[in-house]
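See structure below.
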Amino acid sequence: MKVNFEKNTELDFKTNEAYKSLRTNISFAGDDIHTIALTSSVPNEGKSAVSFNLARAFAEDGKKVLYVDADIRKSVTIARYGVDIETKGLTHYLSGQKQLNDVIYDTSIKNLDIIFTGQVAPNPAELLGSARFKKLLIDMRQEYDYVIIDCPPLGSVIDAAIVAKECDGAIIVIETDNVSYKLVQRVKKQLDQSGCRILGAVLNKVEMGGKGYGYYGKGYYGRYYGKYYGNYGEYGHEEKSKK
């Protein structure tokens with residue numbers, strides 16, 4: 001079954017070029033980089049959009065790509081891109097309800113396939129740490145040039161470190177003027193402890209000459225300063241409105 005991605009996928013010229021630069025930087029990281037986990041420090045930094053657009057950038061370059069939505073607790077993919085069909089996903093496969101081929105969907109974007117999250121599960125960390133998830137990555141390395149995995153924010157839950165442990169590389173998405181240097185360093189340390197190679201960071205939602213928002217795609221991890229609001233609520237649940 002083919003999933004039609006038409007809604008909210010158009011990028012302006014500067015943003016599209018930035019994703020191409022990010023794609024190029026990753027390509028130069030080595031030919032052993034095939035599975036890449038993306039995470040952030042807190043919710044709403046834009047790591048899902050960065051993950052999807054990076055996957056699309058590789059697909060547009062002729063690479064065979066699988067985008068895996070592993071943000072089981074709070075996925076935005078189906079709503080953001082207007083997917084209007086009933087889907088089975090990652091949780092169905094990891095819990096043994098479906099086979100892998102049953103949860104991989106072809107998309108309207110050439111060379112890009114996707115695995116949705118599936119139904120909400122009470123034990124995301126256990127599912128992502130299972131032997132079935134390891135097998136998924138092993139098998140997909142043989143089928144795809146790149147597997148891009150959208151993970152929950154590591155400053156909120158441990159899922160991303162569990163995923164990164166099985167990946168060839170990880171990228172941290174950082175929203176400008178939103179999180180502290182100390183918090184990002186803590187996230188970086190957790191990824192280091194997983195044994196995963198950190199490919200770099202993406203500074204997201206940077207004002208581009210007063211003409212909207214884009215992101216800076218240069219692959220490096222450097223000093224970051226910003227403002228961190230300590231109370232984000234429990235990840236996976238809607239935050240209470242603030243006055």
In region 110-148, which residues are of a type in the set (A, V, I, L, M, F, W, C), within 23 Å of Leu54 (Cα to Cα) and loosely packed, with under 13 Cβ neighbours inside 10 Å? Ile138
Reported set for region 64-93 where residues are over 22 Å from Asn44 (Cα atoms) and either among the aromatic types (Phe, Trp, Tyr) or touching a Phe, Trp or Tyr at 6+ places or on another chain (Cβ under 6 Å) (or both) is Lys64, Val65, Leu66, Thr87, Gly89, Tyr93
Out of contact with any strand residue (DSSP E or B) (no Cβ under 8 Å at 6 or more places or on another chain), in a loop (DSSP other than H, G, I, E, B), at pLDDT 90 or above and surrounded by 16 or more Cβ atoms within 10 Å (Cβ to Cβ): does that describe Lys88? yes
Show the residue pairs that are 6+ apart or on different chains and have beta-carbon atoms under 9 Å apart, the first residue being within region 38-66 and without any contact (Cβ under 8 Å) to a residue 24 or more places away in the chain, the second being assigned to a helix (DSSP H, G or I) and of a type in the set (Phe, Trp, Tyr). none
Tally time: how many residues in region 173-191 are within 11 Å of Val42 (Cα to Cα) and of a type outside the set (D, E, K, R)? 8
With Tyr93, Tyr67, Tyr105 as the choices, which residue is within 20 Å of Asn204 (Cβ to Cβ) and crowded, with 18+ Cβ neighbours inside 10 Å? Tyr67
Answer from Asp106, Asp31 - the residue that is over 28 Å from Asn178 (Cβ atoms), among the acidic types (Asp, Glu) and in a strand (DSSP E or B): Asp106
Every listed condition ((1) touching a Pro at 6+ places or on another chain (Cβ under 9 Å); (2) not small (Gly, Ala, Ser); (3) not in a loop (DSSP other than H, G, I, E, B)) holds for Val42 save (3)
With respect to Ala18, determine if the residue is in a helix (DSSP H, G or I), surrounded by 20 or more Cβ atoms within 10 Å (Cβ to Cβ), in contact with a helix residue (DSSP H, G or I) (Cβ under 7 Å, 6 or more places away or on another chain) and aliphatic (A, V, I, L, M). no
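The values are calculated or read from the model by the stated rules, or taken from the named source; none is laboratory data. Remember, it's a predicted structure, so these values are computed and weren't measured experimentally. We place every Cβ from the backbone using ideal geometry, glycine too, and count neighbours over all the protein chains shown.
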